[in-house]
Amino acid sequence: MRLIPALLLIPGCIFAETIILDRIAVFGNHVTHTGVILRELELQPGRPVTDSIMISDRSWLIRSDFLKKIDFQLKPSIQKDICALLLVVQEKGHWSFMPSFHTDDLFGMTGGGTLKYRNLSGRRQQLRLNTETGGKTRIGLTWSDPWFGGSWRLFSQATVYYLKMPYPYPDYPDEFTETIRGGELLLGRQPGRTVQIGLRLCREELRSTDRAVLVSDSRSDLRTGTGLFMKIDTRDWPAYPGSGLFVHTGLDHFHFKGGHTEQGIMNIRAFFPVRSSNILAVQIFARALAGTVPVYDRLHLGGGDMVRGIPTGTLAGNRLVMANMEYRFPIMYERHFEENLHVGYAGVLFLDIGSAWFSESGWDTRDLRCAVGVGVHALWDDYVIRGEYGTRGKGWGFIKIGTNAHF
């Protein structure tokens, strides 16, 4: 077992092969309950202390988005092989705002932001208000609790939302406007830091200016949904990972008057550190719909959030598969995840490939689209601003400007 280098400087611990933790004390937490911090630690009294666990705990607390700074201080005890741990923390403020802006060749410019109130009652609950207007109008209010139920480690998230957007895609002859009002509830268990398993419940009402796209005979489609999902997340920093894995899989069933829809989704993202602080990022995404698939639920390929370099909505269907690869290299960039430091500029080279099709007609190689491109990412804390140019080799390509990474 490898020792923490700092322990070599602690009198009485110099020749120890194993250091046992006696107790943990937390200072500087004016809002967060001490028990909320302690329950996030792998370090526990009576267990050995290693540098890998110390680094892991520090990184996890920073990543959990309620502490700004953390200082671990080991103190010697009277007994030779026992030490105490002092955690000196600095909390983040309750309020934060993150603006958002992006462009799309079909929907134009859209802007908005997320207003967040974090660490409600000192137990890490969050309240978020998301707004977006322009080519699309979105409003969402989300409340989340990452841990309740004690040792069961349950989590919950409730969202109410409103969406209004046109349907300008070429797969339907007439443009219409759809409006969705709904709510969603997620309940589940998090066995450890990296895995979530849960149940999804939702209910929403959809209206359209074109009655022909509705499935039911009424003025709107009212549907309820139930589903199961699993997430695995080992990324060191979700906003712009340098290493780690993200997996999201889910199965959903939606029922409404006139039919039902089944949905399966899989999203795998992997991030590999390369020499000189470069990052190889890979994403595989697949989504499939079965049963009754209304026009407004069709899947579309293209644009800055799919295959960059082909127009938004180039392909449509009830099946979609996509793969993206990015090689990110720092231009002037400081990244220290455990210190909560992310600032600078990075260049990116990317390759996107994907396809969408209707299962009734089957897949054809002519439905495959591929594009390559370059871009620049600017980072500051949680903010990521990207400008990218993608092309498939015919004519001018497409420029994407946004305030979040592609994946």
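Coordinate-derived values only; no laboratory data. Everything numeric here is computed off the predicted structure, so don't read it as measured data. Reconstructed Cβ throughout: ideal geometry from the backbone, glycine too, with neighbour counts over all protein chains shown.
Check the straight Cα-Cα distances from LYS68 and name the lysines below 28 Å, setting aside those fewer than 8 residues away within the same chain.
The reachable lysines, counting only those whose Cα sits under 28 Å from LYS68, are LYS92, LYS116, LYS231.
When a footprinting reagent is the concern and you count Cβ atoms within 10 Å, what order do GLU205, GLU91 take, fewest first?
On the way: GLU205 14, GLU91 18.
With the sparsest Cβ surroundings first, the list reads GLU205, GLU91.
How much length is gained on full extension from ARG189 to LEU222, taking 0.36 nm per residue of separation minus their Cα-Cα distance? Present the calculation step by step, with values, prior to reporting the outcome.
Details: separation 33, 0.36 × 33 = 11.88 nm, distance 2.92 nm.
Stretched fully, the ARG189-LEU222 segment lengthens by 9.0 nm.
Quick one: grab the alpha carbon gyration tensor of the chain, order the square roots of its eigenvalues as a ≥ b ≥ c, and give me rounded if a/c is under 1.5, else prolate or oblate depending on whether a/b is larger than b/c. All intermediate terms of the calculation are to be shown ahead of the outcome.
Numbers: a/c = 2.34, a/b = 1.73, b/c = 1.35.
It is prolate, given that a/c is not under 1.5 and a/b is the larger ratio.
How about LYS80: which aspartates and glutamates have a C-alpha closer than 17 Å to its C-alpha, ignoring those fewer than 8 places off in the same chain?
GLU17, ASP22
By count of other Cβ within 10 Å, fewest leading, how are LYS400, LYS164, LYS116, LYS68 ordered?
Working: LYS400 22, LYS164 15, LYS116 18, LYS68 12.
The fewest-first ordering by Cβ neighbours comes to LYS68, LYS164, LYS116, LYS400.
To the nearest 20 debye, what is the magnitude of the charge dipole of the chain about its Cα centre, counting +1 on the Cβ of each Lys and Arg and -1 on the Cβ of each Asp and Glu? Intermediate results must be reported in sequence, preceding the final value.
Numbers: 46 positive and 41 negative charges, 118 e Å.
I would put it at about 560 debye.
So if we plug the beta-carbon distance of ARG47 and VAL160 into 1/(1 + (r/R0)^6) with R0 = 35 Å, what FRET efficiency do we get, rounded to 0.05? Walk me through the intermediate numbers first.
Details: r = 43 Å, r/R0 = 1.23.
Once the sixth-power term is evaluated, E becomes 0.25.
Using 0.36 nm times the number of residues separating PHE407 and GLU262, minus their current alpha carbon distance, what extension gain do you get?
Working: separation 145, 0.36 × 145 = 52.20 nm, distance 2.53 nm.
The span from PHE407 to GLU262 would gain 49.7 nm if fully extended.
Going by how many other Cβ atoms sit within 10 Å of their own, how do HIS255, HIS336, HIS377 line up, fewest first? List each step's numbers first, then the result.
Working: HIS255 15, HIS336 11, HIS377 22.
Lowest to highest Cβ neighbour count: HIS336, HIS255, HIS377.
By a straight-distance test (C-alpha under 17 Å), which lysines pair with LYS136 as possible cross-link partners, with residues fewer than eight away in the same chain excluded?
Excluding near neighbours in sequence, the set is LYS164, LYS400.
Nearest 10 degrees is fine. How inclined is helix 51-63 to the longest principal axis of the chain, computing both from alpha carbons?
50 degrees
Residue by residue through segment 352-363, what is 3J(HN,Hα) from phi via Karplus (6.51 cos²θ - 1.76 cosθ + 1.60, θ = phi - 60°)? Round to whole Hz and write x for glycine and proline.
Taking θ as phi minus 60°, the curve returns 10, 8, x, 7, 9, 7, 8, 4, 5, 8, x, 8 Hz for segment 352-363.
Distance in nm between label sites at ASP71 and TRP380, each 7 Å beyond Cα in the beta-carbon direction?
For the pair ASP71/TRP380, the computed spacing is 2.7 nm.
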